[in-house]
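S.K.: I have a structure I would like to understand better, so I am pasting it below and will then ask my questions one at a time.
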Amino acid sequence: MNRVVDINLSAAELMQISQQLGLGLSREEMLYIREHFRKLDRLPTELELQALGQEWSEHCSYKSSLPLLRRWIFDIPTTTEVLLSEDAGVVGLDEEHVYVVALESHNHPSAIEPYGGAATGIGGVIRDVLCMGALPIALIDGLFFASPETPIASIPSGVKAPRYLLNRVVEGISDYGNRVGIPTCSGMIAFHPSYLSNCLVNVGCIGVARRDEIVRSRVSRTNEILVLVGGKTGRDGIHGVTFASANLSQESERKDRSAVQLGDPITEEPLIHACLEANKQRLIAGMKDLGGGGLSCAVTEIVGAAELGARIDLAAVNCREEMEPWEIWISESQERMLLSVAPQNLDMIATIFRRWQVQCHPIGEVIAERVIIVTYHEKELARMDGQFLLTPPQLLVHRDENREREDRSILSSRKDELKEAKCIPAHYKSFPEPSDYNEILLQLLAAENIASRAFVIRQYDYEVGARTITKPLQGRQITSSPADAVIIKPLRDSYIGLALTCDVTPQFTARDPFWGAAAAVDEVCRNLAAAGAVPHSLADCLCMGDPTVQKRMEEMKGSCRGLNFVARALGLPFASGNVSLYNETDIGSIVPTPTVLGVGIIKDIRTSLTADLKGEGNLLFLIGRTEDELYGSEYLALLGREEGNLPRVDPVQLQANCTAMARGASEKVIIAAHDLSTGGIGVCLAELTFGGGIGCQVDLQSLTGLRPDSKLFSESNSRFIVEVPPHQETNFRTIFRDCPVYFLGMTGGERIQIDDNGRSLIDVTIDSARTVWEQGLSKYFQEERWISAS
């Protein structure tokens, strides 16, 4: 039932044990374990080794990434009130309330079983927010695939077609979110060749709670009862975290499918209500989601956070099938929560969960000694030191005292580089100017990284709960302008709003992880500002390749530094986050992908901005400088070229622009706004016209020193196009006096007309542009025959 494992063996033999038991432990870790048990003068049981495999996995321990996170991501100086960063981040909203934010990845499971992987990712991130005592009120997703146009013949064996993955991931998110009754109201989709064999599925959740109802992901004191609530425990998800802590291979489809969990939103929905009701009655002392590592990690971490221990009886766990004790201990079956409850509250907890028809079973108690004791029908199967379980050998390295000096030096050099970047002359282009800008614009609008996401958005119920104030599609037309961020109303009796968005541009991070990550923070901030909100907090999901490869860790280091460079300058904390490594296969690694989720505050939702033009005869202004920065742009991708300057970020100017945008919205000087990102000015102007069917007449003559294609399609950061009523022009210029401002033209008509010094560059009807934009992505959702390549 729970055999003792002989580990007094050679290093090679220890590695055979690690592989045979699916532990995912390295040679050094197995040797470290051997020495630990030699000091105890005994051999470990299989359950103890399985527990170490879970807790020491990259997924659970962050053993490779934690030093970088401590240096660059944690503890950024801020005026934002971050109360807690545990399973989710808890951030002050007003005097009585907080919002809770979490961002997670479910990449490996989604590559193997995209529907189930995406669905259980949504379920897991909901429970991350729930375990802080918050009501989940909104979902957000960041999805990354190879091109849906990838020919079947070029897809390696064992890899699913990108079009199939795209369809099934969206279905998984839609089905789970819709059925559990939480709106998926914001997100992004990006396409890049590096995601062919390893798609990325990043999911986030926002919740709201009263300050006096916040729960910790830790027990409070000894003698509390540990109660397992929610779904039954089964064999699904066994070795899920070790599977997620290794590279995918051609054998993963066959070998690792059982590591993918099974989702059940119909069980999750009453579980949410039961947990919140029990918490409202002050019956829960601590609460933790059962995610990666199952009971093994949840128990160890919830008591370890209080430097206490636990005694667990696995026979008390409600199983859906006959299981070995070690399987019960590490199963990652979904829709389960672990509660820490004072003994006198146990009966009341049971009554609440029985009323909601949710399983509720006491499985153990908190003890004073920092040790995890696991029994099964009164037989002791494990007695593990809690500190040892939570500390893989990689985390024993002490911090170098000289690192802070090094950190400051690196950031200073990057600021110098930014100053030099501002002096870079226009890039000499090795190709002629296009002869037909109309055709270029139409092709860009149909490009997979620009085309409308309406077909995806409309599969999500983004209005359930009646909190979604501005929608992901905006305007009066059936086909609307795309939102930069959505605004939700978290509180019933207040006009305060939360703006939500997420972003990263893989084409930028592929060239330079530092500037690509910096650009991700920039885009998130300007998305929030374009909705009329003030950026308030961030969450990050750092998706990288194999950490044992030096280049991959350099990419991660560069990404972390880039995030810090902008976030520190703006005083924006990373309230929550996630790291996903080993996103790599035999055919290569993903490009570094530091997905950033942004939360903004808008004091009055009635002053929120949308991205559709509002009327005829209004003024159009460009905010921010347009540089000759075309590297990684969709324009050069269309031409099949890689050259030029990568967009850089000036955090000081970004902050000035965002501050002015928020003031302009609150004073109703600006009536529409859209940030400039993929596709530059040309695409931005087109998207502004789609929602209201109102055209524009623009001249780019104020943008000097650039070739027309750079003016139109440069993807320089920190820029917006805004619509201003003529009578507000003076107030507008006063508010934006510290920002680069360029008059572009007027709104009106039914065409998109863009000139340069009187020369006509673009002149197309709104209908023709909107048609190619709305059809660009929807065609990939019309065929069901795209399955795994054989």
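Coordinate-derived values only; no laboratory data. None of the values given here were measured: they were computed from a predicted structure. So basically every Cβ, Gly included, is an ideal-geometry build from the backbone, and we count neighbours across all protein chains shown.
S.K.: Between the helical axis of 265-280 and the dominant principal axis of the chain, each derived from Cα atoms, what acute angle in degrees is found, rounded to the nearest 10?
M.R.: The two axes meet at around 80 degrees.
S.K.: Then there is this: Name the aspartates and glutamates eligible as straight-distance cross-link partners of Lys489: C-alpha to C-alpha under 14 Å, and not fewer than 8 places from it in the same chain.
M.R.: Correct list for Lys489: Asp94, Glu463, Asp604.
S.K.: So what is the relative contact order of segment 679-761, in percent, for Cα pairs below 8 Å that sit 6 or more residues apart?
M.R.: Numbers: 90 pairs, mean separation 44.0, N = 83.
Contact order relative to length: 53 percent.
S.K.: Which three lengths, in whole Å and largest first, does segment 83-182 cover when its Cα atoms are put on their principal axes?
M.R.: 59, 25, 18
S.K.: For segment 283-344, restrict the atom set to alpha-carbon positions and state the Rg and Dmax in Å.
M.R.: Considering segment 283-344 through its Cα atoms, Rg and Dmax are 11.8, 34 Å.
S.K.: Local charge sum around Glu149 (other residues, Cβ-Cβ under 11 Å, Lys/Arg +1, Asp/Glu -1)? Don't jump to the answer; show the numbers that get you there.
M.R.: Details: positive: Arg163, Lys779; negative: Glu448.
Overall, the nearby charge balance is +1.
S.K.: While we're looking at this one, here's another question. Along each of the three principal axes of the Cα atoms of segment 445-585, give the extent in whole Å, ordering the values from largest to smallest.
M.R.: Here the Cα extents, ordered largest to smallest, are 50, 36, 23 Å.
S.K.: Moving to a separate point now. I need two numbers for segment 519-608: Rg to one decimal and Dmax as a whole number, Cα atoms only, in Å.
M.R.: Cα-based Rg and Dmax for segment 519-608 come out at 15.3, 52 Å.
S.K.: After finding the eigenvalues of the alpha carbon gyration tensor for segment 737-785, what semi-axes result from the square roots of 5 times each, listed largest first in whole Å?
M.R.: Numbers: eigenvalues 222, 53, 19 Å².
Taking √(5λ) for each eigenvalue gives 33, 16, 10 Å, largest first.
S.K.: Using only DSSP helix segments of four residues or longer, with each worth -39500 (n - 2.57), what per-residue ellipticity at 222 nm results for the chain after dividing by its residue count and rounding to 500? All intermediate terms of the calculation are to be shown ahead of the outcome.
M.R.: Working: 27 runs with 279 residues, N = 790.
Rounded to the nearest 500, the figure is -10500 deg cm²/dmol.
S.K.: Over all distinct Cα pairs, what is the inverse of the mean 1/r for segment 582-723, reported as the Kirkwood hydrodynamic radius in Å? Write down the numbers at each step before the final one.
M.R.: Working: mean 1/r = 0.0590 Å⁻¹.
Computed over segment 582-723, the radius equals 17.0 Å.
S.K.: Looking at segment 505-617, send over the antiparallel percent of its DSSP beta bridges, to the nearest 5. Let's see the in-between values first.
M.R.: Working: 11 of 17 bridges.
The answer is about 65 percent antiparallel.
S.K.: Let me ask something else. Highest mean first, how do 36-44, 335-343, 542-550, 460-468 rank when packing is the count of other Cβ atoms within 10 Å averaged over residues?
M.R.: Numbers: 36-44: 12.9, 335-343: 24.0, 542-550: 19.6, 460-468: 17.7.
Highest mean packing first, the order is 335-343, 542-550, 460-468, 36-44.
S.K.: Work out the P(r) tail for segment 283-390: percent of alpha carbon pairs separated by more than 23 Å, whole number. Please report the intermediate quantities before stating the final value.
M.R.: Values: 1403 of 5778 pairs.
The calculated P(r) of segment 283-390 puts 24 percent of pairs beyond 23 Å.
S.K.: Going through the cross-link list Lys471/Lys779; Lys232/Lys288; Lys551/Lys711; Lys39/Lys557; Lys280/Lys471, which pairs have a Cα-Cα distance over 26 Å in this structure? Show your work: numbers first, answer last.
M.R.: On the way: Lys471/Lys779 23 Å; Lys232/Lys288 16 Å; Lys551/Lys711 35 Å; Lys39/Lys557 37 Å; Lys280/Lys471 31 Å.
Over 26 Å apart, Cα to Cα: Lys551/Lys711; Lys39/Lys557; Lys280/Lys471.
S.K.: What percentage of all Cα-Cα pairs in segment 668-790 are separated by more than 17 Å? Write out the running numbers ahead of the final one.
M.R.: Numbers: 4724 of 7503 pairs.
Counting every Cα pair in segment 668-790, those more than 17 Å apart make up 63 percent.
S.K.: In addition: Based only on the alpha carbon positions, what is the Kirkwood hydrodynamic radius of segment 138-209, in angstrom?
M.R.: Values: mean 1/r = 0.0760 Å⁻¹.
Evaluated on segment 138-209, it is 13.2 Å.
S.K.: Let me ask you something else. Find the relative contact order for segment 45-117 and round it to a whole percent, using C-alpha pairs within less than 8 Å whose residues are 6+ positions apart.
M.R.: Numbers: 45 pairs, mean separation 8.8, N = 73.
Result for segment 45-117 is 12 percent.
S.K.: Then there is this: Output wanted: per-residue J couplings in Hz (rounded whole) for segment 194-204, from phi through Karplus 6.51 cos²θ - 1.76 cosθ + 1.60, θ = phi - 60°, x for Gly and Pro.
M.R.: 5, 8, 4, 9, 8, 5, 10, 10, 9, 10, x
S.K.: Tell me, what does the Kirkwood hydrodynamic radius of segment 472-554 come to in angstroms if you use every pair of distinct C-alpha atoms?
M.R.: Values: mean 1/r = 0.0662 Å⁻¹.
Averaging 1/r across every pair of different Cα atoms and inverting gives 15.1 Å.
S.K.: Next question, about the same structure. If R₀ is 41 angstrom, what is the calculated FRET efficiency for the pair Met348 and Ser494, using the beta carbon separation as r and rounding to 0.05?
M.R.: Details: r = 31 Å, r/R0 = 0.77.
That gives a FRET efficiency of 0.85.
S.K.: Using only Cα atoms and rounding to the nearest 10 degrees, what angle (0 to 90) does helix 766-778 make with the longest principal axis of the chain?
M.R.: It works out to around 20 degrees.
S.K.: Moving to a separate point now. On C-alpha positions alone, give me the angle between the axis of helix 162-180 and the longest principal axis of the chain, in degrees, nearest 10.
M.R.: 70
S.K.: Ok, one more. Roughly how large, in nm² to one decimal, is the mean projection of the convex hull of the alpha-carbon atoms in segment 565-638? If you can, show how the numbers build up before the last one.
M.R.: Values: hull surface 40.2 nm².
Value for segment 565-638: 10.0 nm².
S.K.: If we sort 352-364, 611-623 on the protection proxy, mean other Cβ atoms within 10 Å, highest first, what's the order? Mind showing how you got there, number by number?
M.R.: Numbers: 352-364: 17.9, 611-623: 20.2.
Taking the mean over residues of other Cβ atoms within 10 Å, the ranking is 611-623, 352-364.
S.K.: Further, regarding this structure: Eigenvalues of the Cα gyration tensor times 5, then square-rooted: what semi-axes does that give for segment 11-125, in whole angstrom, largest first? Please report the intermediate quantities before stating the final value.
M.R.: On the way: eigenvalues 257, 85, 34 Å².
The equivalent ellipsoid of segment 11-125 has semi-axes of 36, 21, 13 Å.
S.K.: Could you order peptides 593-599, 300-306, 735-741 by the average number of other Cβ atoms within 10 Å of their residues, highest first? Please list the in-between numbers first.
M.R.: Details: 593-599: 29.7, 300-306: 22.1, 735-741: 17.1.
Descending packing order for the listed peptides: 593-599, 300-306, 735-741.
S.K.: Right, another one. Given 5 Å bins starting at zero, what is the percent of C-alpha pairs of segment 531-665 in each, up to the one with the largest pair distance?
M.R.: Taking every Cα pair in segment 531-665, the percentages come to 2, 8, 13, 14, 17, 18, 13, 8, 4, 2, 1, 0.
S.K.: At a threshold of 8 angstrom on Cα-Cα distance, excluding pairs fewer than six apart, so keeping six or more, what relative contact order does the chain reach in percent? Walk me through the numbers before you get to the answer.
M.R.: Details: 2000 pairs, mean separation 121.9, N = 790.
Result for the chain is 15 percent.
S.K.: Have a look at the chain and give its Rg and Dmax from the Cα atoms, expressed in angstrom.
M.R.: When restricted to the Cα atoms of the chain, Rg and Dmax are 26.5, 87 Å.
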